[in-house]
Amino acid sequence: MDIRIPQVALGTSRISPEKLEVTIKRALEMGYRHIDTAFLYGNEEAIGTTLQEYLKSTTLSRQEVHITTKLSPTYMKGSAVGPALDESLRRLKLDYVDLFLIHTPCALKEMDTYTEEITQSTELMSVDLRETWKAMEDTVYKGKAHSIGVSNFNTKQLDYICEVARIPPAVNQVEAHVRFPQKKLQEFCKSRNIQLQAFSPLGSPFFTGTTDINRVQSSDNLVEHPVIMEIAEKYKRTPGQILLRNLVQRGIAVVPKSENPQRMKENLQIFCFSLSDADMNKMDELDNGIRRFVFLWYKNHPQYHYDVC
């Protein structure tokens with residue numbers, strides 16, 4: 001399925017509730033036209049309220065704003081997918097989302113209620129990904145999702161779905177940055193006409209992590225890396241803009257998370273310059289094959305995939 005999405009989305013994971021409303025309004029005012037959220041972020045309600053208020057007070061139409069949300073791993077049984085999207089739509093105050101992603105290939109035991117808290121079951125459960133995908137396709141047929149895709153899937157899992165898909169995945173959203181550029185996965189996605197989209201495109205330099213993911217070491221802060229800083233000086237851009245431009249120039253859409261007004265603005269200003277082949281090659285050399293986010297609570301799941309491409 002061909003899909004046109006804005007190449008830069010506002011990532012909303014971990015934006016504090018007290019800053020979310022002003023951040024969403026500011027993003028729309030700046031020209032962001034893609035908001036990325038998820039059931040697990042616990043902020044769909046706030047985003048929906050803010051979006052509706054903004055649309056009513058401006059000339060911006062719903063059709064001009066691309067909204068992505070994601071299926072919680074606790075609702076991956078076929079019978080649970082549709083109701084889970086209905087709940088997300090209720091929270092978002094929308095009739096449809098532009099893109100609906102399976103958040104992870106690793107299913108967790110289904111919860112009995114749609115809690116408003118950012119909590120989830122921790123009991124692993126095996127679900128056939130084809131069953132989940134069939135139910136995802138049904139959300140398109142019902143007009144509740146315009147496009148569907150996945151997040152955190154590897155090539156084997158994508159192939160498993162594509163073999164039977166009536167609607168192929170439009171997007172695969174994964175961790176990607178110069179330290180972990182996902183080149184093999186990108187090549188595979190191109191062969192299947194799947195758009196690769198990067199979360200953590202700056203390497204999450206300001207996120208210290210928790211016990212369930214790899215800690216992002218301050219000594220490996222990409223926005224302070226000498227090579228990135230040197231290239232940024234050459235182009236009179238910020239290190240963050242260089243990192244984002246690298247991915248976009250490779251054909252990867254990006255989902256930078258920020259609530260800082262200046263950085264939010266800078267993240268959109270990456271289309272008026274290009275990096276030379278020599279500088280792109282310099283950045284290629286920073287690849288160390290180390291992924292930041294490994295979600296260790298899934299380690300024993302049969303679909304755990306973070307050690308392969």
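Would you calculate, for the chain, the mean residue ellipticity at 222 nm contributed by helices, counting each DSSP H stretch of 4 or more residues as -39,500 (n - 2.57) and dividing by all residues, to the nearest 500?
Numbers: 10 runs with 110 residues, N = 309.
Result for the chain: -11000 deg cm²/dmol, rounded to the nearest 500.
Report the FRET efficiency, 1/(1 + (r/R0)^6), for CYS162 and GLN269, where r is their Cβ-Cβ distance and R0 is 45 Å, rounded to 0.05.
0.80
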Legend entry - Cα-based equivalent ellipsoid of the stretch 10-298: semi-axis lengths in Å, sorted from largest, via gyration tensor: 30, 23, 18
Inset, instruction - Over the stretch 139-178, calculate the relative contact order: mean separation of alpha carbon pairs under 8 Å at least 6 apart, over the residue count, as a percent. - result: 45 percent
Legend entry - Span from the the stretch 23-88 Cα centroid across to the the stretch 179-196 one, whole angstrom: 26 Å
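Any chance you could run the full-extension gain for LYS184 through ARG26? It's 0.36 nm times the residue separation minus the Cα-Cα distance, nm to one decimal.
Difference between extended and current length: 53.3 nm.
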Inset, instruction - Just the number, please: percent antiparallel of the DSSP beta bridges in the chain, rounded to the nearest 5. - result: 5 percent
Legend entry - Over the stretch 260-308, equivalent-ellipsoid semi-axes from the Cα gyration tensor in Å: 33, 19, 9
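I'd like the GluC sites (Glu not before Pro) in the stretch 133-200 restricted to DSSP loop residues with at most 14 other Cβ atoms within 10 Å, sorted by number.
GLU163
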Legend entry - Residues CYS272, CYS162, CYS106, sorted so that the one with the fewest Cβ neighbours within 10 Å comes first: CYS272, CYS162, CYS106
Inset, instruction - Starting with the fewest neighbours, write out THR155, THR69 ranked by other beta-carbon atoms found within 10 Å of each beta-carbon. - result: THR155, THR69
Legend entry - Estimated inter-spin distance, SER61 and VAL227, nm [label 7 Å along Cα→Cβ]: 4.6 nm
Legend entry - Loop-resident sites, the stretch 236-302, for GluC sites (Glu not before Pro), counting at most 15 other Cβ within 10 Å (DSSP): GLU285
Legend entry - Rounded FRET efficiency, nearest 0.05, which uses the C-beta distance separating ASN300 from TYR141 and R0 of 51 Å: 0.90
Legend entry - Mean separation of Cα contacts under 8 Å (6+ apart) over length of the chain, as relative contact order %: 19 percent
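Since every read-out is calculated from the coordinates, none of them should be taken as a lab result. Treat the numbers as computed from the prediction; the structure is a model and nothing was measured. With ideal geometry, Cβ positions are generated from the backbone for all residues, glycine too; neighbour counts draw on all protein chains shown.
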